[in-house]
1. So what is the relative contact order of segment 44-125, in percent, for Cα pairs below 8 Å that sit 6 or more residues apart?
2. Quick one: plug the Kirkwood hydrodynamic radius of segment 28-138 (C-alpha pairs) into Stokes-Einstein at 25 °C, 0.890 mPa s, and report D in µm²/s.
């Protein structure tokens, strides 16, 4: 009986980790789309220096609105104009070790790319923390 109970608990913990990993992947997809959407609308982007990293990028949108995208206070935040930053990540998910890197690109026809890298972590229902590292690449004209 104890081995059956142990198996059920182990299975339950495994399912909890799998669900949390799926949550993190969904969160990453949402954040990646948000970053790429804002970059795609920009007609001017202030990057970190070539081959250097920074926690924030500033851009001017197609409507001439100044937009700041940054990794602050365990979230990805976006500020439009003079408004305060709005966190776009879930309150259940921590965003850490986030940074943007502007790189020359020798792989595709695009001349450069912007890489956003960050770690996402979330607690399972049993209190275990599950973390994953993600990278978003936006090719620039």
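What follows is calculated from the coordinates using simple rules that are stated; it is not laboratory data. Please read these numbers as outputs of a predicted model, since none were measured by experiment.
1. Values: 162 pairs, mean separation 20.8, N = 82.
So the answer I get is 25 percent.
2. On the way: Rh = 14.6 Å.
It comes out at roughly 168 µm²/s.
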